[in-house]
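Presented below is the structure to which this report refers.
The values are calculated or read from the model by the stated rules, or taken from the named source; none is laboratory data. Because the structure is predicted, anything quoted here is derived from the model rather than measured. Methodologically, a virtual Cβ is constructed for each residue, glycine included, from the backbone with ideal geometry; neighbour enumeration extends over all protein chains shown.
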Amino acid sequence: KAGVTQTPRYLIKTRGQQVTLSCSPISGHRSVSWYQQTPGQGLQFLFEYFSETQRNKGNFPGRFSGRQFSNSRSEMNVSTLELGDSALYLCASRDHRGDKAFFGQGTRLTVV
Amino acid sequence: GENVEQHPSTLSVQEGDSAVIKCTYSDSASNYFPWYKQELGKRPQLIIDIRSNVGEKKDQRIAVTLNKTAKHFSLHITETQPEDSAVYFCAASIGNQGGKLIFGQGTELSVKP
């Protein structure tokens, strides 16, 4: 099976812009979670999608949003980018019948 | 709120020695505890996990122990090798929120040859 795929790998954006990141889960996995990884805050949960519905949400402002499509692919969007949004954004794919979560290689977002 | 504390933040050992990383969780409803290894520039990789109905689990040189009463769980690596050098993260999740992992701050393990 192919692993979790995230695109793009790298992004540079300007403050105030918006960005969309994509995640394709492992075939058959219907749960996709998103995490922000920074040196200062570590790995922080953003949200989880399952069957096109947001099932859990972390403590991030409303500028961070996401969605999931019928093929389980997920996108996350960040609007009105701030310098502090610079981070590695990781998605994790999970078979909802089990516990194990598998990460993609991440999208490195730099806001300038 | 949910919180996972991880110690130490850095750990340096000689090749062949053992390494132990400890985590404490706050939410007593947590019932799944995975450990991830992240090498520089790579994705976090699941190396071992344990559910709350088990006290210990072992996979070759890696073992995890869980003390539900104290809300502690630990990663044990024996016979360390230079390729074990990486950042290790513990995490916890609650059964009906399986897609939400609360991570510790990470431990940077360095194994010196």
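The residues of the stretch B:44-60 that are in a loop (DSSP other than H, G, I, E, B) and either away from chain A (no Cβ under 12 Å) or surrounded by fewer than 19 Cβ atoms within 10 Å (Cβ to Cβ) (or both), listed by number, are B:Ser52, B:Asn53, B:Val54, B:Gly55, B:Gln60. Would a scan of the stretch A:11-22 turn up a residue that is closer than 14 Å to A:Leu88 by Cβ, within 12 Å of chain B (Cβ to nearest Cβ) and not basic (Lys, Arg)? No, the stretch A:11-22 contains no residue that is closer than 14 Å to A:Leu88 by Cβ, within 12 Å of chain B (Cβ to nearest Cβ) and not basic (Lys, Arg).
Would you tally the residues in the stretch A:24-38 being assigned to a loop (DSSP other than H, G, I, E, B), surrounded by fewer than 24 Cβ atoms within 10 Å (Cβ to Cβ) and not hydroxyl-bearing (Ser, Thr, Tyr)?
4
Residues in the stretch A:6-23 that are within 11 Å of the chain's Cα centre (by Cα) and either part of a loop (DSSP other than H, G, I, E, B) or farther than 19 Å from A:Val78 by Cβ (or both): there are none.
Within the stretch A:39-58, the set of residues being more than 13 Å from A:Leu88 (Cβ to Cβ) and assigned to a strand (DSSP E or B) comprises A:Phe45, A:Phe47, A:Glu48, A:Tyr49, A:Phe50, A:Thr53, A:Gln54, A:Arg55, A:Asn56, A:Lys57. For the stretch A:71-97, a tally of residues being within 14 Å of chain B (Cβ to nearest Cβ) and touching a residue at least 60 places away in the same chain (Cβ under 8 Å) returns 8. Can you tell which of B:Asn31, B:Asn3, B:Asn53, B:Asn67 is over 30 Å from A:Lys57 (Cβ atoms) and not aromatic (Phe, Trp, Tyr)? Residue meeting the stated conditions: B:Asn67.
Considered as a group, the residues in the stretch A:98-112 that are surrounded by 18 or more Cβ atoms within 10 Å (Cβ to Cβ) and either assigned to a strand (DSSP E or B) or basic (Lys, Arg) (or both) include one that is farthest from the other protein chains (Cβ to nearest Cβ), and that residue is A:Val111. When B:Ser9 is tested against (1) surrounded by fewer than 18 Cβ atoms within 10 Å (Cβ to Cβ); (2) within 27 Å of A:Asn56 (Cβ to Cβ); (3) within 13 Å of chain A (Cβ to nearest Cβ); (4) in contact (Cβ under 8 Å) with a residue 24 or more places away in the chain, exactly one condition is not met: (2). Annotation: B:Gly99 fulfils all but one of (1) without any contact (Cβ under 8 Å) to a residue 40 or more places away in the chain; (2) more than 9 Å from chain A (Cβ to nearest Cβ); the unmet one is (2). The single condition from (1) modelled with pLDDT under 95; (2) surrounded by 20 or more Cβ atoms within 10 Å (Cβ to Cβ); (3) aliphatic (A, V, I, L, M) that A:Ala2 fails is (2). Taken across the stretch A:40-55, residues that are polar (S, T, N, Q), closer than 22 Å to B:Tyr36 by Cβ and crowded, with 19+ Cβ neighbours inside 10 Å do not occur at all. Residues in the stretch A:69-96 that are among the β-branched types (Val, Ile, Thr) and either within 23 Å of A:Lys1 (Cβ to Cβ) or assigned to a strand (DSSP E or B) (or both): A:Val78 alone.
The residue of the stretch A:37-65 that is farthest from B:Val87 (Cα to Cα), among those that are more than 11 Å from chain B (Cβ to nearest Cβ) and within 12 Å of the chain's Cα centre (by Cα), is A:Ser65.
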